[in-house]
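Undergrad: Could you have a look at this structure, given as structure tokens, before my questions?
Every number in this text was worked out from the coordinates using simple rules, so none of it is lab data. All values reported here derive from a predicted model rather than from experimental measurement. Glycine gets a Cβ as well: all are built from the backbone with ideal geometry, and neighbour counts include every protein chain shown.
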Amino acid sequence: KGMFEDGSETCCDGCELFEPCPFQKNQSVAQVIGPYIHSIICILGLIGNSLVIVTYAFYKRTKSMTDIYLFNVAIADLLFVLALPFIVYNELWSWPMGQVACKLLRGSYSVNLYSGMLLLACISTDRYIAIVQARRSFRLRSPSYSRIICAIIWIFAILMSVPTFYFYNWYEPSHTKGLMWDNDNQTQIQSSTPEYVCAFKFEDTKRAQEVKVAIPSTQISVGFFLPLFIMIFCYSAIIVTLLKAKNLQRHRAVRVVLVVVAVFIICHLPYNIVLLYDTVNLFQESPCGEADIMEIALTVSQTIAYMHCCLNPLLYAFVGVNFRNHFRRIFRDLWCLGKKYMAPRRFSRVTSDFYMSSTRRSMDGSSNSGASFTM
């Protein structure tokens, strides 16, 4: 009897077991992408999404339906970039944080993936209603509806992530301990110090096959193709409507729409194609060289998909004039507050008065009560 890497057991009467492929090329790529590229993604995503959350929370009092969606997208992206360093560390080295952290981090990653992608689909639907169905938009675009929809999406994302919460475990892989067999000799492979990982673990081979196909298939269909089809349908109708209007500002909005869709496809399509190919060929034997190339493709395309969390603030918020005005107010208030504490004797009264007046203007200066920052 032997054990697979995920912990499931199999009978080995007359079969051959070998060490897992070392994936040396993928390890070399991951050593560059993990510490450096992912660090840049985390920093930019943390700054951009934090600014979006601060702006919506403190600088824009009246929120439209799209604003509420964008606020929730920023929360999902922020939670994602906070979990990303721990996930990258787990993929490169041993997992030191135990069972609870393993399940929470991997599960939260899945929740944020589903919620973020579906919220982007909701934004495109809201824009479709506001522009194409303008006559009915006042009845359909209620902020209370958007809060209910956001709650439903978060609950749905949690339910879709239940298998991830359940099957991810903290354990020591079989290739670092125990016995493995070759044709004639029985060789014991024992690591000097236990190396634990946070990965899928199953009790039997059948369950492993079902789950390892079901989870990526659901991620591809619900987490990518469903939002993609909704965005293509809504934004296509929006473009047709905007092109009919002889308005320069509307034609600029068309370019924004095209950029939003193009960036979404460029970021997520390569990874989902590679993941689909890998899932279809999951249980077929392949040489270690081909498997190593597939792992490199997954690593690189996944990193490109991660970049979308940094681009969301730029695509959906920073392009709007209103948001840029709020953004400048944030830095102006922070500068005034910094001067207040750095030179209290000289500037305390003046800075305090200026800070309070600027904050009051920023709180009361949101002129477009129902308008989105983005269109």
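Undergrad: Using each residue's phi in the range 216-227, evaluate 6.51 cos²θ - 1.76 cosθ + 1.60 at θ = phi - 60° and report the 3J(HN,Hα) Karplus result to the nearest Hz, with x for Gly and Pro.
TA: Per-residue couplings from phi come out as x, 5, 5, 4, 5, 6, 7, x, 10, 5, 4, x Hz.
Undergrad: Between the range 253-289 and the range 214-228, what is the separation of their alpha carbon centroids in Å?
TA: Each part reduced to its Cα centre gives a spacing of 11 Å.
Undergrad: Would you mind checking which residues have amide H under 5 Å from Tyr171's amide H? H placed 1.01 Å from N; only 5 or more apart, or other chain.
TA: Val197, Ala199
Undergrad: Highest mean first, what order results for 111-124, 144-157 on Cβ atoms within 10 Å?
TA: Per-residue mean Cβ counts within 10 Å order the peptides as 111-124, 144-157.
Undergrad: Please arrange Lys103, Lys206 by how many other C-beta atoms lie within 10 Å of their C-beta, fewest to most.
TA: Exposure proxy ranking, most exposed first: Lys206, Lys103.
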